[in-house]
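A quick write-up on the structure given underneath.
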Amino acid sequence: MNSLTGSDVAEIMEMLQQAGVDVWLDGGWAVDALIKRQTRPHDDLDVVVALNDQRKIRRELGKVGFRVAEDELPTRFVLTDERGRQIDFHTVTFDSEGGGIQQLQNGKSYRYPPQGFTATGEINGVHLKCLTAEVQAECHYGYEPDDKDRHDMQMLHEHFNIRLHPPYR
């Protein structure tokens, strides 16, 4: 899988915004956006979007060569293009308070709190909406972390004083 650059992220986010899609960076690129510099290589882009925007996203990004690589709706879907760029869309339904409810594959759900959607970060000088450091950290629990997860959590700890719990301690 190819590495995704900051320029790729800015380009993809701009395409989504121009299509009228509200989108928030998630995952490693969100951590880097909050820190305002790239701290590690990234092989994909994780974003959070409204579930009801998924058809528009597929249509608009399809115009520039992105195709469905994985479809696990209503939880998520993944698009890739011929350049090997991969976007992992985490889909949510917003509740009346502004929280984002993600239906998980096991039948349970996860609620991104409304305040989790309030951060702004920066990639290549472009200001982008992203999930807060606190929500980023919360989303790193509940599964076995890999080296990238450990790196991201260490960055959140160092830059935002996020308290680390096992297995990150």
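The values are calculated or read from the model by the stated rules, or taken from the named source; none is laboratory data. Please read all numbers here as calculations on a predicted model, not as lab measurements. Here the Cβ is made from the backbone with ideal geometry for all residues, glycine too, and neighbour counts use every protein chain on show. Calculation scope for accessible area: heavy atoms of the full protein, side chains included, ligands and nucleic acids excluded. Shrake-Rupley method; radii C 1.70, N 1.55, O 1.52, S 1.80 Å.
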For Phe94, solvent-accessible area (1.4 Å; no DNA, RNA or ligand), Å²:
80
In whole angstrom, the spacing between the Cα centers of segment 1-44 and segment 149-163 equals 18
When we measure straight from the Cα of Lys63, which aspartates and glutamates land under 15 angstrom away, once same-chain ones fewer than 8 places off are left out?
Glu11, Glu14, Asp81, Glu82
The chain: most fluctuating residue of Leu34, Leu45, Leu16 per GNM, C-alpha cutoff 10 Å
Leu16
Could you pull out every one of the aspartates and glutamates with an alpha carbon less than 15 Å from that of Lys36, ignoring same-chain neighbours closer than 8 positions?
Asp26, Glu122, Asp152, Glu158
Cα gyration tensor, segment 119-165 - rounded (a/c under 1.5), prolate or oblate
prolate
Please label the shape of segment 49-108 as rounded, prolate or oblate, based on the square roots a ≥ b ≥ c of the eigenvalues of the alpha-carbon gyration tensor (a/c under 1.5 means rounded; beyond that, a/b larger than b/c means prolate, else oblate).
prolate
Check: the chain dipole with +1 on Lys, Arg Cβ and -1 on Asp, Glu Cβ, in debye
160
Calculated [θ] (222 nm, deg cm²/dmol) that DSSP helices of n ≥ 4 give over the chain, each run adding -39,500 (n - 2.57)
-9000 deg cm²/dmol
Karplus-derived HN-Hα couplings along segment 43-48 (A = 6.51, B = -1.76, C = 1.60, θ = phi - 60°), whole Hz, x at Gly and Pro:
9, 7, 10, 9, 9, 10
Under 5 Å from the placed amide H of Ile162, counting only residues 5+ away or on other chains, we find His157
Could you bin all the Cα-Cα distances of segment 1-124 into 10 Å bins starting at 0 and give me the percent of pairs in each, rounded to whole numbers?
13, 45, 36, 6
